[in-house]
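Trainee: Okay, here's the structure, questions in a sec.
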Amino acid sequence: MSIKEELVAIIDRHAAAPKQKTPIAGLSIFKVEAPTLPVESIYTPRLCVVIQGRKEILLGGRAFEVDDTQYFIASVNLPVSARITAASSDHPHYALSFELNRQDLAELLPNVAIRPAAAHREGLSLGRQTEDILGALHRLILLLNHPEDLPALLKPATTELYYRLLRSEHSATLRDYATMDTRIAQIGRVTSWIKEHYNKPMTIGLLADLAGMSATSLHRHFKATTLMTPLEYRTHVRLQEARKRLLTGGSSARTVGFEVGYDSQTQFTREYRRLFGRPPVRDAAYLKGIEPSNPARQAGVTEAPVERPLKI
């Protein structure tokens, strides 16, 4: 049995749902038996490996196709839309995701030679799977079959995986992620702040201070890393949260818009429609399989909503 076949067998054994968290901190496994609609989420810094099937990730208007010969690394928080494009009951999509630990990576840096790096690296980057990386992943998730071995063997298994990644084509990206004053680390501080304070006012000056850059440099490096401006990034985070609240809560679209930071219902509806293709209430009804009889009334929107300045 090949390493890929063994990885599939382990995931198949432990995946009780399309996405399954595991006893290994930060490790999730995926078994999906049909193509999916796009799902919006924020990728925290992570490694994701497609073992079988294919997925598409949209980030800042750019599409990334990831098949079963590839993996990707997210080195900062990224608001994305992702969907499974190749999966069936006979040939499911199998994948795994492992959240990166900055401290564990940093401990290994003195033991790995520095490789030449490109001038710029995006926050989401694809790589080719190698036998070394797949072997390390296999030894890590094999521990799911032997949970009694986790206390003794999890740390060595994680260390080997990080070592193999630091020896890969993503060496420079991961070194920058693990080091405090690099461009990736600086932009990472800003994306983390926006992720936590998406519904609060912000200024480019505040973000530049967080990054330790000038406002001009922040704008340039932020867009190069996330493929969007800071304002576009915050808009994606706000609208993802709004969609989640509309699907899971009992609040009106007007209330949700204010909760995620909008002072203008009109602007909230306009930006929501631009991102998701439908206004808030109709979108939530579509995703729930319900057709509202009066979207405006359900949203709590008056015929002429009062426009107020949007905080930046």
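Trainee: May I ask you to list the GluC sites (Glu not before Pro) in region 158-216 that are in a DSSP loop and have at most 15 other Cβ atoms within 10 Å of their Cβ?
Mentor: Numbers: sites: Glu160, Glu169, Glu196; in loops: Glu169.
Answer by residue number: Glu169.
Trainee: With the crude spin-label approximation of a point 7 Å out along Cα→Cβ, what separation in nm comes out for Thr36 versus Ser88?
Mentor: With each label point 7 Å from Cα toward Cβ, the separation is 2.0 nm.
Trainee: Decide, for region 183-228, between rounded, prolate and oblate: order the square roots of the alpha carbon gyration tensor eigenvalues as a ≥ b ≥ c, take rounded if a/c falls under 1.5, and otherwise choose prolate if a/b is larger than b/c, else oblate. Don't jump to the answer; show the numbers that get you there.
Mentor: Numbers: a/c = 1.59, a/b = 1.30, b/c = 1.22.
Cα axes put region 183-228 in the prolate bin.
Trainee: Multiply the residue gap between Lys200 and Thr44 by 0.36 nm, knock off their C-alpha separation, and tell me the result in nm, one decimal place.
Mentor: 54.1 nm
Trainee: On a straight-distance basis, which aspartates and glutamates could pair with Lys195 in a cross-link, Cα separation under 13 angstrom, same-chain partners fewer than 8 positions away excluded?
Mentor: Glu232, Glu241
Trainee: For the charge dipole of the chain, defined by +1 on Lys and Arg C-beta atoms and -1 on Asp and Glu C-beta atoms about the Cα centroid, which residue among Thr158, His197, Val32 has the Cα displaced farthest towards the positive pole?
Mentor: It is His197.
Trainee: Subtracting the Cα-Cα distance from 0.36 nm times the residue separation, let me have the gained length for Thr159 to Asp263 in nm, one decimal. Mind dumping the intermediate values first?
Mentor: Working: separation 104, 0.36 × 104 = 37.44 nm, distance 4.73 nm.
Between Thr159 and Asp263, full extension yields an extra 32.7 nm.
Trainee: Now for a different question. Taking R0 as 41 Å, what FRET efficiency do you get between Ile114 and Lys288 from their Cβ-Cβ distance, rounded to the nearest 0.05?
Mentor: The formula returns an efficiency of 0.20 here.
Trainee: Apply the Karplus curve 6.51 cos²θ - 1.76 cosθ + 1.60, θ = phi - 60°, to the phi angles in region 264-274 and return the couplings in whole Hz, x for Gly and Pro.
Mentor: Working through the residues one at a time gives 10, 5, 4, 5, 4, 5, 4, 6, 4, 4, 5 Hz.
Trainee: Next question. Using only the alpha-carbon atoms, how far is helix 150-166 inclined from the longest principal axis of the chain? Give it as 0 to 90 degrees, nearest 10.
Mentor: It works out to around 80 degrees.
Trainee: Given N residues in region 232-299, what is its alpha carbon radius of gyration divided by 2.2 N^0.38 Å?
Mentor: On the way: Rg = 10.8 Å, N = 68, 2.2 N^0.38 = 10.9 Å.
Cα Rg divided by the expected 2.2 N^0.38 Å: 0.98.
Trainee: Taking θ = phi - 60°, what integer Hz values does the Karplus form 6.51 cos²θ - 1.76 cosθ + 1.60 yield along region 242-251, in sequence order, with x for Gly and Pro?
Mentor: These are the phi-based 3J(HN,Hα) values: 4, 4, 4, 5, 5, 7, 10, x, x, 7 Hz.
Trainee: Still on this model: Could you work out the helix-only [θ] at 222 nm for the chain, with each DSSP H run of four or more residues adding -39,500 (n - 2.57) and the total divided by the number of residues, to the nearest 500 deg cm²/dmol?
Mentor: For the chain, the value works out to -13500 deg cm²/dmol.
Trainee: Separate question: For a label point 7 Å from the Cα of Ser217 along Cα→C-beta, name the residues of region 161-196 whose backbone N is under 15 Å from it.
Mentor: 180-190
Trainee: Between Ala9 and Arg273, what is the label-to-label distance in nm when each label sits 7 Å out along the Cα-to-Cβ direction?
Mentor: Reported label-point gap for Ala9 and Arg273 is 5.5 nm.
Trainee: At 7 Å along the Cα-to-beta-carbon direction for both Leu247 and Asn145, put a label point, then send me their distance in nm to one decimal.
Mentor: Placing both labels 7 Å along Cα→Cβ, they lie 3.4 nm apart.
Trainee: Go through Lys155/Lys200; Lys21/Lys288; Lys200/Lys288; Lys31/Lys244; Lys31/Lys288; Lys19/Lys223 and tell me which ones have a Cα-Cα distance over 32 Å in this structure.
Mentor: Table pairs above 32 Å Cα-Cα are Lys155/Lys200.
Trainee: Separate question: Taking only the alpha-carbon atoms of region 10-56, what semi-axes of the equivalent ellipsoid follow from 5 times the gyration tensor eigenvalues under a square root, in whole Å, largest first?
Mentor: 17, 16, 10
Trainee: Further question: Using only Cα atoms, find the angle between the long axis of helix 183-196 and the longest principal axis of the chain, and express it within 0 to 90 degrees, rounded to the nearest 10.
Mentor: 50 degrees
Trainee: Next question, about the same structure. Stokes-Einstein diffusion coefficient for region 132-185 at 4 °C in a medium of 1.567 mPa s, Rh from the Kirkwood formula over Cα pairs: what value in µm²/s?
Mentor: D = 106 µm²/s.
Trainee: Okay, moving on. Applying a 10 Å radius around every beta-carbon, put 129-136, 75-82 in order of their mean neighbour count, most first.
Mentor: Peptide ranking by packing, descending: 75-82, 129-136.
Trainee: Could you give the size of the charge dipole of the chain about its Cα centre, using +1 on the Cβ of each K and R and -1 on the Cβ of each D and E, expressed in debye and rounded to the nearest 20?
Mentor: Charge dipole of the chain: 940 debye, to the nearest 20.
Trainee: Over the Cα atoms of region 163-289, Rg to Rh with Kirkwood Rh, two decimal places?
Mentor: Over the Cα atoms of region 163-289, Rg/Rh equals 1.08.
Trainee: For the chain, how big is the tail of P(r) above 28 Å, as a whole percent of Cα pairs?
Mentor: Tail of P(r) above 28 Å: 47 percent of Cα pairs.
Coordinate-derived values only; no laboratory data. As the structure is a computational prediction, the values presented were derived from the model and not from experiment. Positions of Cβ are backbone-derived with ideal geometry, glycine not excepted, and every protein chain shown enters the neighbour counts.
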